[in-house]
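One structure below.
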Amino acid sequence: MRKPAEQGHQTNGSDSIDSGRADSGRVERDSGGRLKSGSYKWVALSNTTLSMTMATIDASIVIIAMPAIFRGIHLNPLSPGNISYLLWMIIGYLLVQSVLVVTLGRLGDMFGRVKIYNMGFVVFTVASIALSLDPLLGGNGALWLILWRVVQAFGGAMLMANSAAILTDAFPANQRGTALGINQIAGISGTFVGLLLGGLLAAWDWRAVFWINVPIGVFGTIWAYLSLHEIATTQRAKIDWWGNITFASGAGLLLVAITYGIQPYGGSATGWGNPMVFGGLIAGVVLLTLFCWIETKVPDPMFRLRLFRIRAFAFGNLASLLGAIARGGLQFMLVIWLAGIWLPLHGYNYVDTPLWAGIYMLPLTAGFLIAGPISGWLSDKYGQRLFATLGLLVATGAFIGLMFLPIVFPYWAFGTLIFFNGVGSGLFASPNTSAIMSAVPANRRGSASGMRSTFQNAGMSLSIGIFFSLMVAGLASTLPKTLTAGLTGQGVPADIAAKVAHLPPVSTMFAALLGYNPVHNLLAPTGVLSKLSPQQVGVLTGKQFFPHIISAPFHHGLVIVFTAAAIMSFIGALVSLMRGKQFYYEEPSAVSAPAPAAAGTVGPDPDPAVNGSAAADSPAGTGKPALARLFIHHEKGANANGANGTAAASGDAAARSAPGRRG
């Protein structure tokens, strides 16, 4: 049995196996009895950061490469019957990850996080090979790509669900924010790096968009299998089949309904009036409600809902959801703004605008990369709440600034605003992830990490649905009149102009997003371009006509979108502020002396205090076992043994919960 911490030693909150103090210099043993040196944590950080970057790059790399991909399989993604292929290529990856990460995180708790993580590398790499070898054309070629993107997302979900848990196991609490910050910021910035890589690689060969993952995946797989090993003890349990089914079905239906809500339905610009969309939303909510009920009844649930009684976990995830909703659709709006309006007005050809849009958005990525690790390091020293809350407030200010930016802006102003938006998101992500992962028991970190990823990915998917719907609604109310007048002014017959102008704006938005000439895409099917003079055709399909026509309606939609984003980000800051003081969940063996057998044992899943504070154990002499509510407040300046003292080394049956611990 391990002796309690000696007087005068200060704990750092690590949930290590051999000791409550996981100083980087001391030697520890993993669950298999092997020695692990202080260098192992850096191996874990570098490997998981590689996997997170690879997985998140693939969430966005196809956006800019989409025109080249669809040209390669001989399919026009903007044709009315092909919009579904386009949406599933863009959103399907995020949707699958959102649905599966909790299940795969729980499997990591049960069978080994490293084992599930390593399998994820293999699945992701195999899927990337299959994507690059697509042998089909047309709709069948698109279905091949969508199917293997789903498989690739499954592998990515294995990686994402367990990477944060592996790092939380490997790092002591006083370094956890820095480690998770580097990991999370690499992941989040990967979505923006993917935009740039997609444009560069697609200019060479569309298959290179998927080839790029193969050598990285092979190297990462071999490296992970050779270097990573289990630290936390796995806890075998029965698989909660009904919980898994209801959660996957409910979350899947909700996200699919949101995806189809973007598409036109009948005479409406969006699909929110579609009975199937409405029914999917209702069915999804019902199934998720049933999931919550099931999880309170089964002995080994997929996810212990009691973890949401931990303030840091619940409020951290809610703040993450709101931040993801505010941030998730931003890249799409910025790419459309740049590619559809600003870049053509500055002389760029439409076919080149997606790549240059990614380049001009580099300040956003730079903000992430600079602020994330710094915020993680500072939050380890001064607490997580301040920096997480400040990050969302900075992002709120950046969204407000974007609202007031003119549609044809000076680039220095645009670059500065998106840089600070990236800084805000970087400030938030690192300490928030650290707070969430440190607040849960070690044997629940896999499922907790999965739930954290679900909130983040679901927020991204929700954001895309909300942002696109708001933008489409704004354009639908103002664009038809403006576009009709512009088209008729260049000789397009009034009936054709009116018909084209009243088409759902979603195809026009996707045309701008993907580097197609929007006006040519609208008029080519009507055959009217062959009846106009070369001068009129040149004006209509040139670099000035569409940007000038859409500028005012698009700016109207942007104001709506950025207002919603600013509100979401500000509410997220308020939620973050209410997360409570910093604290870490400690395993009983890490903070108190083991009680004698007669006094009972601590169970594997203690019932957390509602506010996350440490609860007092039974008074000495009552004969009742010590409680397992061991939440450690992290307040600057106190020692692990503090004024409250420590449990006696004799193993008194009334071993107290650990006193307040300072960082």
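Among (1) under 30 Å from Lys531 (Cα atoms); (2) open to solvent by 20 Å² or more (accessible area, probe 1.4 Å), where does Leu462 come up short?
Of everything listed in (1) under 30 Å from Lys531 (Cα atoms); (2) open to solvent by 20 Å² or more (accessible area, probe 1.4 Å), Leu462 misses just condition (1).
What's the number of the only condition in (1) touching a helix residue (DSSP H, G or I) at 6+ places or on another chain (Cβ under 8 Å); (2) in a helix (DSSP H, G or I) that Phe409 fails to meet?
Exception for Phe409: condition (2).
All but one of (1) surrounded by fewer than 18 Cβ atoms within 10 Å (Cβ to Cβ); (2) free of Cβ contacts under 8 Å to residues at least 40 places away in the same chain hold for Leu253; which doesn't?
It is condition (1) that Leu253 fails.
Taking the condition part of a helix (DSSP H, G or I), more than 30 Å from Lys238 (Cβ to Cβ), at pLDDT 80 or above and open to solvent by less than 20 Å² (accessible area, probe 1.4 Å), does Ala130 pass? Give the steps one after another, and end with the answer.
Numbers: part of a helix (DSSP H, G or I): yes; more than 30 Å from Lys238 (Cβ to Cβ): yes; at pLDDT 80 or above: yes; open to solvent by less than 20 Å² (accessible area, probe 1.4 Å): yes.
Spelling it out, Ala130 is indeed part of a helix (DSSP H, G or I), more than 30 Å from Lys238 (Cβ to Cβ), at pLDDT 80 or above and open to solvent by less than 20 Å² (accessible area, probe 1.4 Å).
If I ask for residues that are modelled with pLDDT under 85, assigned to a helix (DSSP H, G or I) and under 30 Å from Leu305 (Cα atoms), which ones from segment 315-332 would you list?
Hits for segment 315-332 are Arg327, Gly328.
Being under 23 Å from the mean Cα position of the chain (by Cα) and farther than 16 Å from Ser60 by Cα, is that true of even one residue in segment 343-350? Break it down into steps so the answer makes sense when it comes.
At the first step, the residues of segment 343-350 found to be under 23 Å from the mean Cα position of the chain (by Cα) are none.
No; the residues of segment 343-350 include none that is under 23 Å from the mean Cα position of the chain (by Cα) and farther than 16 Å from Ser60 by Cα.
Please specify each residue of segment 269-288 satisfying the condition of being open to solvent by 40 Å² or more (accessible area, probe 1.4 Å) and in contact (Cβ under 8 Å) with a residue 24 or more places away in the chain.
So in segment 269-288, the residues open to solvent by 40 Å² or more (accessible area, probe 1.4 Å) come out as 272-273, 275-276, 278, 281-282, 285-288.
Within segment 269-288, Trp272, Leu281, Val285, Val286, Leu287, Leu288 meet the criteria.
For segment 135-150, does any single residue satisfy the condition of being surrounded by fewer than 20 Cβ atoms within 10 Å (Cβ to Cβ) and on the phi > 0 side of the Ramachandran plot? Even if it seems obvious, please write down each step before you answer.
The initial filter retains those residues of segment 135-150 that are surrounded by fewer than 20 Cβ atoms within 10 Å (Cβ to Cβ), namely 135-141, 143-144, 146-147, 150.
Still in the running and on the phi > 0 side of the Ramachandran plot: 138.
Yes, segment 135-150 contains a residue that is surrounded by fewer than 20 Cβ atoms within 10 Å (Cβ to Cβ) and on the phi > 0 side of the Ramachandran plot.
If Leu334 meets every condition in (1) touching a residue at least 12 places away in the same chain (Cβ under 8 Å); (2) in contact with a Gly (Cβ under 8 Å, 6 or more places away or on another chain); (3) not acidic (Asp, Glu) apart from one, which number is that one?
(2)
Within segment 229-246, is even one residue under 17 Å from Ile116 (Cβ atoms), assigned to a helix (DSSP H, G or I), out of contact with any Gly (no Cβ under 9 Å at 6 or more places or on another chain) and open to solvent by less than 30 Å² (accessible area, probe 1.4 Å)?
Yes: segment 229-246 contains one or more residues that are under 17 Å from Ile116 (Cβ atoms), assigned to a helix (DSSP H, G or I), out of contact with any Gly (no Cβ under 9 Å at 6 or more places or on another chain) and open to solvent by less than 30 Å² (accessible area, probe 1.4 Å).
Would you point out which residue out of Gly13, Gly25, Gly20, Gly81 is part of a loop (DSSP other than H, G, I, E, B), surrounded by fewer than 16 Cβ atoms within 10 Å (Cβ to Cβ) and modelled with pLDDT under 80?
Result of the check over Gly13, Gly25, Gly20, Gly81: Gly25.
So which of Leu364, Leu345, Leu355 ends up being within 19 Å of Ala511 (Cβ to Cβ), of a type in the set (A, V, I, L, M) and modelled with pLDDT of 85 or more?
Numbers: Leu364 fails: within 19 Å of Ala511 (Cβ to Cβ); Leu355 fails: modelled with pLDDT of 85 or more.
Step by step, each of Leu364, Leu345, Leu355 is checked, and only Leu345 is within 19 Å of Ala511 (Cβ to Cβ), of a type in the set (A, V, I, L, M) and modelled with pLDDT of 85 or more.
Which residue, of Phe404, Phe399, Phe368, is out of contact with any Lys or Arg (no Cβ under 9 Å at 6 or more places or on another chain) and farther than 23 Å from Ala324 by Cβ?
Working: Phe399 fails: farther than 23 Å from Ala324 by Cβ; Phe368 fails: farther than 23 Å from Ala324 by Cβ.
Answer to the check: Phe404.
Among Ala497, Ala501, Ala485, Ala439, which is crowded, with 21+ Cβ neighbours inside 10 Å and at pLDDT 85 or above?
Values: Ala501 fails: at pLDDT 85 or above; Ala485 fails: crowded, with 21+ Cβ neighbours inside 10 Å; Ala439 fails: at pLDDT 85 or above.
Of Ala497, Ala501, Ala485, Ala439, the one residue that is crowded, with 21+ Cβ neighbours inside 10 Å and at pLDDT 85 or above is Ala497.
Residues Phe368, Phe308: which one is assigned to a helix (DSSP H, G or I) and closer than 16 Å to Ile57 by Cα?
Residue meeting the stated conditions: Phe368.
For residues in segment 289-314 being farther than 17 Å from Thr246 by Cβ and open to solvent by less than 60 Å² (accessible area, probe 1.4 Å), which is modelled with the lowest pLDDT?
Restricting to residues being farther than 17 Å from Thr246 by Cβ and open to solvent by less than 60 Å² (accessible area, probe 1.4 Å), the top hit is Leu307.
Please count how many residues of segment 266-287 are assigned to a helix (DSSP H, G or I) and either out of contact with any Gly (no Cβ under 8 Å at 6 or more places or on another chain) or within 29 Å of Ala473 (Cα to Cα) (or both).
12
Please pick out the residue among Val351, Val335 that is assigned to a helix (DSSP H, G or I), buried (at least 22 other Cβ atoms within 10 Å of the Cβ) and of a type outside the set (Lys, Arg).
On the way: Val351 fails: buried (at least 22 other Cβ atoms within 10 Å of the Cβ).
Testing whether each residue is assigned to a helix (DSSP H, G or I), buried (at least 22 other Cβ atoms within 10 Å of the Cβ) and of a type outside the set (Lys, Arg) leaves just Val335.
Quick test for you: out of Arg385, Arg444, pick the one residue that is open to solvent by 10 Å² or more (accessible area, probe 1.4 Å), out of contact with any Cys (no Cβ under 8 Å at 6 or more places or on another chain), within 19 Å of Phe313 (Cα to Cα) and in contact (Cβ under 8 Å) with a residue 24 or more places away in the chain.
Numbers: Arg444 fails: open to solvent by 10 Å² or more (accessible area, probe 1.4 Å).
None of the others qualify; the one that does is Arg385.
The values are calculated or read from the model by the stated rules, or taken from the named source; none is laboratory data. Predicted, not measured: the structure shown is a model, and the values here were computed from it. Every residue, glycine as well, gets a Cβ built from its backbone with ideal geometry; the counts of neighbours run over all protein chains shown. Accessible surface is based on the protein model in full, side chains and every heavy atom, while ligands, DNA and RNA are left aside. Shrake-Rupley method; radii C 1.70, N 1.55, O 1.52, S 1.80 Å.
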